[in-house]
Amino acid sequence: DEVIVKYIPDSTSRLQALQTGEIDMIYGGTLLSYGEYDQALAMDGIDGQMAEKDTRVQVITTNATSPYLSDIRVRQAIAYAIDKEEMSVAISNGYEPPADIPATRDTPYADVELETTYDYDRDMANQLLDEAGWVMNESTGIREKDGVKLSGNLLYATDQASLGDLSSVLAAQLKEVGFEITPVGKEQMVYFQDISNGDFDLAIAITNAIPSDPYLLISRCLTNTVIDNYLAQGLAGMENADELINSLNAMTNEDEIQSVYNTLLQELHDEATIIPLTRVKGMVAYDTNVISS
């Protein structure tokens, strides 16, 4: 017996390969869009299953080193401008529930009570952008400040299904408050290279989930050891962030560990550098002639 793994970078081609019998199974929460998953289940001889629990979290990360995104009011305005309920319906037919932290709630140490929330509030988003000095140009619908438009790119990896649709929804929602966003899709390794070089304004990412998170997520927020450029900015405004993160390596007391995660996850939330969107479901579609449930 053997298992052959094929690399098919395009989700539409993956679905076609399943239908024609070139492959027997597609497994993974980002390898099919939810629309494609429903299409697969409608095919003769194809069945599928979706995880009952959420597996990972889609987030939008902000390049806080850019001139306008360094202003916390602009980042918070982005968080308030995103309608996660509408997004869930648009990209996943409602399968993906909205997320309020960049980890699933059953992730160890991640079920924290946030002091504040960024519930969808377009009025608050507009107010924060007004306070930050970005004035709406009524003729273009784009805000401006000192002759510069409030615009930027939204980077995403094309290898992952649904991210193109997600980027379009985000761009449309941010346009409603005067933020001009251009989605830019890149092959995954090019995407990572652009992230590493800081060549992005906003980027869509997906967390790693259990057993890696929450420590992998938090450890990559270290400012003195940059692994993921977009995550390294997450806690940059917190003076003792590195000290707290490193302290987790030696802690054994569960209450102390939980206390540190409470502090760090709250800070991530307050800084709005990593904005959670929706909680991803794992899924599999398979040929019932070859694989039984």
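The values are calculated or read from the model by the stated rules, or taken from the named source; none is laboratory data. Note that this is a predicted model, so its numbers are computed, not measured. So basically every Cβ, Gly included, is an ideal-geometry build from the backbone, and we count neighbours across all protein chains shown. Ligands, DNA and RNA are excluded from the accessible area calculation, which covers all protein heavy atoms including side chains. Shrake-Rupley method; radii C 1.70, N 1.55, O 1.52, S 1.80 Å.
Some points to look at:
- Taking (1) open to solvent by 10 Å² or more (accessible area, probe 1.4 Å); (2) in a helix (DSSP H, G or I) in turn, P67 satisfies each apart from (2).
- The set of residues from segment 12-45 being part of a helix (DSSP H, G or I) and under 20 Å from V89 (Cα atoms) comprises Y34, G35, E36, Y37, D38, Q39, A40, L41.
- Taking (1) in a loop (DSSP other than H, G, I, E, B); (2) open to solvent by less than 30 Å² (accessible area, probe 1.4 Å); (3) touching a Pro at 6+ places or on another chain (Cβ under 9 Å) in turn, Q58 satisfies each apart from (1).
- Test: residue in segment 147-156 that is closer than 24 Å to M283 by Cβ, touching a Lys or Arg at 6+ places or on another chain (Cβ under 8 Å) and buried (at least 22 other Cβ atoms within 10 Å of the Cβ): yes
- All positions within segment 70-82 that are part of a loop (DSSP other than H, G, I, E, B), farther than 16 Å from R279 by Cβ and not hydroxyl-bearing (S, T, Y): D71
- Checked against (1) over 20 Å from V280 (Cβ atoms); (2) open to solvent by less than 40 Å² (accessible area, probe 1.4 Å); (3) of a type outside the set (V, I, T), S88 passes all but a single condition, namely (1).
- Residue in segment 106-120 that is closer than 30 Å to E52 by Cβ, at pLDDT 95 or above and open to solvent by 10 Å² or more (accessible area, probe 1.4 Å) present: yes
- In segment 128-141, the residues that are open to solvent by less than 40 Å² (accessible area, probe 1.4 Å) reach residues that are of a type in the set (V, I, T) and at pLDDT 95 or above with C-beta atoms within less than 6 angstrom, at least six apart or across chains, in these pairs: A132/V74.
- Leading residue by the ranking (surrounded by the fewest Cβ atoms within 10 Å (Cβ to Cβ)) among those in segment 196-219 that are out of contact with any helix residue (DSSP H, G or I) (no Cβ under 8 Å at 6 or more places or on another chain) and among the hydroxyl-bearing types (S, T, Y): S212
- Filter result (within 15 Å of D287 (Cβ to Cβ), open to solvent by 100 Å² or more (accessible area, probe 1.4 Å) and not aliphatic (A, V, I, L, M)) within segment 1-19: K6, Q16, Q19
- Check on G29, closer than 20 Å to Y286 by Cα, touching a residue at least 40 places away in the same chain (Cβ under 8 Å) and more than 20 Å from the chain's Cα centre (by Cα): no
- Residues located in segment 238-282, provided they are open to solvent by less than 10 Å² (accessible area, probe 1.4 Å) and either more than 17 Å from I218 (Cβ to Cβ) or over 25 Å from the mean Cα position of the chain (by Cα) (or both): L277, T278, V280
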